[in-house]
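Colleague: I am attaching a structure below and will ask some questions about it afterwards.
The values are calculated or read from the model by the stated rules, or taken from the named source; none is laboratory data. Keep in mind the model is a prediction, meaning the values are calculated, not measured. Positions of Cβ are backbone-derived with ideal geometry, glycine not excepted, and every protein chain shown enters the neighbour counts. Accessible surface is based on the protein model in full, side chains and every heavy atom, while ligands, DNA and RNA are left aside. Shrake-Rupley method; radii C 1.70, N 1.55, O 1.52, S 1.80 Å.
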Amino acid sequence: MSIKTFSIELISGVPIIRDNDHVILLDTGSPYTIHNSTSFNFLDKNYRVQTSAGAFNIENISEKMGMQITTLLGMDILKDLSIIFDYHNNQISLSEDEDFEGEEIAININSGIPVIPVLIIDQYIPMFLDSGAQLSYLKRDITQHHKNLGETEDFYPTIGRFTTTKYLIFSGLGPHLFEVFYGNLPKPLEGFLSKIDGNNGILGYDFFAKFKLCLNMKKKKVILMEGPRYH
């Protein structure tokens, strides 16, 4: 398979791609794919996928988004691909066998989701790398030491819209220092996160917007190809 490039729409900071009749939310924070049928044809392959996960299906995810989608594309399929995120040019590219040059950051995998170490003040905090998150998130015991910027509305695919307190915090990745807007985790996510040893946050849209990057799960690395961008 050669590289296939898709134009993206960013809906509440979440990337949407279109492939034939499929309207796809690409979500690196989901361990599984949810589709409107059990058969999903994508990149010349046919996958057997779920139509729901617990109480979540495509209809209620679409309703929470305010946009009809056919597919939430998760890491069960994406783990076998190199994914280039290029929000500056409104593109995402997918490849099975390509490698790319740039600054490499080692990642771990937890519950099928990529985990990246982010420097906050003087400590590295493991965070889920989540393209389905508009805001990034930290636990309250971390954000309480930073300036409160007030309340903001956010969106998370399996929760919908909600209100959270927002903080602007300098964050470090490799030699790069950049600003990230963080919120406090909604209770369902905070409860999920508290059960996973060592993971204290979710890194979302701001990271993807500031770098052109490649996520390679097979080789457990993120490659920073360009950036950071500050505008």
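Colleague: Of all alpha-carbon pairs in segment 128-167, indicate the percentage at a distance above 17 angstrom.
Modeller: Tail fraction, whole percent: 33.
Colleague: Percentage of Cα-Cα pair distances in segment 24-82 greater than 19 Å, rounded to whole percent?
Modeller: Counting pairs separated by more than 19 Å, the tail of P(r) holds 21 percent.
Colleague: Between residue 48 and residue 60, what is the label-to-label distance in nm when each label sits 7 Å out along the Cα-to-Cβ direction?
Modeller: Reported label-point gap for residue 48 and residue 60 is 2.5 nm.
Colleague: Could you give the accessible area per residue of the chain, probe 1.4 Å, as a whole number in Å²?
Modeller: Accessible surface, normalised per residue, equals 45 Å².
Colleague: With +1 on each Lys and Arg Cβ and -1 on each Asp and Glu Cβ, and nothing else charged, work out how big the dipole of the chain is about its Cα centre, in Debye to the nearest 20.
Modeller: That gives the chain a dipole magnitude of about 420 debye.
Colleague: Using the Cα atoms of segment 1-159, I'd like the radius of gyration and the largest Cα-Cα distance, Dmax, both in angstrom.
Modeller: 16.6, 49
Colleague: Oh, and also: Which is farthest toward the positive dipole end of segment 80-162 among 146, 115, 157, measuring Cα position about the Cα centre, with Cβ charges +1 (Lys, Arg) and -1 (Asp, Glu)?
Modeller: Ranked along the dipole, the leading option is 146.
Colleague: Go through 81, 41, 217 and say which Cα lies farthest out towards the positive end of the charge dipole of the chain; charges sit on Cβ, +1 for Lys and Arg, -1 for Asp and Glu.
Modeller: Of the listed residues, the answer is 217.
Colleague: Once neighbouring chains are kept in place and the probe is 1.4 Å, which whole percent of the accessible area of the chain is contributed by carbon and sulfur?
Modeller: Carbon-and-sulfur percentage of accessible area, whole number: 46.
Colleague: On a full-extension model of 0.36 nm per residue, what is the gain between residue 4 and residue 141, subtracting their alpha-carbon distance, rounded to one decimal in nm?
Modeller: Extra length available between residue 4 and residue 141 comes to 45.1 nm.
Colleague: Out of residues 5 or more away from residue 49 or on other chains, whose amide H comes under 5 Å of its own, with H placed 1.01 Å from N in the peptide plane?
Modeller: Hits under the 5 Å cutoff: 39, 40.
Colleague: Let me ask something else. If amide H atoms are built 1.01 Å from N in the plane of the peptide, which residues on other chains or at least 5 residues away come under 5 Å of the amide H of residue 96?
Modeller: Sorted by chain and number, the residues that satisfy this are 82.
Colleague: Next up: Taking the Cα-to-Cβ direction at residue 38 and at residue 152 and moving 7 Å from each Cα, how far apart do the two end points lie in nm?
Modeller: Here the answer is 4.2 nm between the modelled labels.
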